[in-house]
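The next block holds one structure in the form of structure tokens; read it before the comments.
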Amino acid sequence: MTKKIPVIFDTDPGIDDAMALIFLNACQRLEIKGVTTVFGNASLAQCTNNALYLCERFSIDAPVHAGADKTIMGVPKDDFPTLVHGADGLANINAAPESRQQGIEPASAFLIESAEEYANELVIIAVGRMTNLAVAIRESSEFVSNAKEVILMGGAVSVPGNVTQWAEANVFGDPEAADILFASGIPLTLVGLDVTMKTIMKEQYIQDLASRCGDAGHLLSQITPYYLNSYLGRTGVNGFACHDSSAVAHAENPEIQEMETGTLSVVLKGEQRGRTVFMKDENGEGLHSLCTGVDAPKLLKTYHEYLVRTYG
Ligand code: BDR
Ligand code: CA
């Protein structure tokens, strides 16, 4: 049997984060070595609580380490997207872990140590603000050389943003952290709105899936109606974009998306603050990859099959 890819999931659960975590747990090529949390869809404390709850409920035997509760510039945040994810970040189900507790080390220390332990192998799937990664990069130059790749759900290069006309939420929430990551030298793949908005999970798809995948299905039926409702209210579509699970899908099978190689940067000032800019490199030598297309039916089929296989 081929060796599994060691993965850390850096997350702000979050309804789609929760959906991505149960998908990641069902991916046979990937092995979850840890979960690190960051403020974003809710406060750090709430996101950490939710991560612990999900790991306990789905027997994900990986440590959970809490990270940043403010931006890399030290700005605290207290207005969270409650209309999208609920006041508790998980559709107001008020999840409470019974026994799981967070690790003592902060997320950045855990990231640095894990990159050393799995040198040139560790893949970090980052689906929230990049603050934990930015802290790790600042604290350790070895982290940069040890980490194999960051697969990031974030940014919008050729499509409009979802917070401003220019910026996507995970980048807009801490642009300086994104800037530190993009400039760090760590190989990076951006799975942004350019592709995540092309894969839509419709109500019928979710209902069918929920009826076939045991307790994961029960979770879906608990948390997705709230998410569907927020999309319906904002877009008129009875379905939601597959954001964080698209980054997991890339880690499991990069061929599911089309990619271009180049260099990413982020706008830090003015009305375009948080905008991600991609300069294509015709020689194919750039350190960054941008997902530009996706086989959406295949991604939806994979998500469905993996959940039924694992939890059904
Ligand atoms: C991203 O923002 C968050 O609300 C989601 O969890 C996802 O990571 C989409 O822009
Ligand atoms: Ca997220």
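Each value in this text was obtained by applying a stated rule to the coordinates, not by laboratory testing. All values reported here derive from a predicted model rather than from experimental measurement. Because the Cβ atoms are built from the backbone with ideal geometry, glycine has one as well, and the counts that use them run over all protein chains shown.
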Subject >> DSSP-defined antiparallel bridges as percent of all bridges, the chain, nearest 5 >> reply: 40
Subject >> Packing-based order for 147-160, 12-25, using average beta carbon neighbours within 10 Å, highest first >> reply: 12-25, 147-160
Original post:
Separation of segment 191-238 and segment 1-58 by C-alpha centroid, Å?
Top reply: 18
Subject >> Built amide H within the under 5 Å cut-off of Gly103, gap 5+ >> reply: Val64, His65, Ala66
Original post:
Expressed as a whole number of Å, what is the distance separating the alpha-carbon centroids of segment 283-310 and segment 126-173?
Top reply: 18
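Could you please rank Val75, Val163, placing first whichever residue has the fewest other Cβ atoms within 10 Å of its Cβ?
Details: Val75 9, Val163 15.
By the 10 Å Cβ count, ascending, the order reads Val75, Val163.
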**OP:** Enumerate the amide H contacts of Thr292 below 5 Å, restricted to partners 5 or more residues apart or on another chain; note that Pro and chain-start residues carry no placed amide H.
**Re:** Glu258, Met259, Glu260
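Beyond 37 Å, how much of the Cα-Cα pair distribution for the chain remains, as a whole percent? Show your work: numbers first, answer last.
Details: 3223 of 48516 pairs.
Tail of the P(r) past 37 Å holds 7 percent of the pairs.
Please tell me which of these pairs span more than 21 angstrom C-alpha to C-alpha: Lys77/Lys202; Lys280/Lys301; Lys33/Lys298; Lys77/Lys269; Lys33/Lys77; Lys70/Lys148?
In this structure, Lys77/Lys202; Lys280/Lys301; Lys33/Lys298; Lys33/Lys77; Lys70/Lys148 exceed 21 Å between Cα atoms.
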**OP:** Please list, in chain and number order, the residues 5+ apart from Thr189 or on another chain whose amide H is under 5 Å from its amide H, with Hs placed from the backbone.
**Re:** Val150, Ile151, Leu152, Ser289
Subject >> Burial order of peptide ranges 52-58, 108-114, 95-101, 203-209 (average beta-carbon count within 10 Å, highest first) >> reply: 108-114, 52-58, 203-209, 95-101
Original post:
In vacuo Debye scattering of segment 132-214, one point per C-alpha: log10 I(q)/I(0) at q = 0.21, 0.26 Å⁻¹?
Top reply: -0.94, -1.18
**OP:** Enter the Cα centre distance for the pair segment 81-115 and segment 59-79, rounded to the nearest angstrom.
**Re:** 7
Original post:
By per-residue mean of other Cβ atoms within 10 Å, what is the highest-first order of 293-301, 31-39?
Top reply: 31-39, 293-301
Original post:
For segment 198-233, which trypsin sites (Lys or Arg not before Pro) are both in a DSSP coil and crowded by at most 14 other Cβ atoms within 10 Å?
Top reply: Arg212
Subject >> Karplus-derived 3J(HN,Hα), 6.51/-1.76/1.60, for each residue of segment 184-189, Hz, glycine and proline x >> reply: 6, x, 6, x, 9, 10
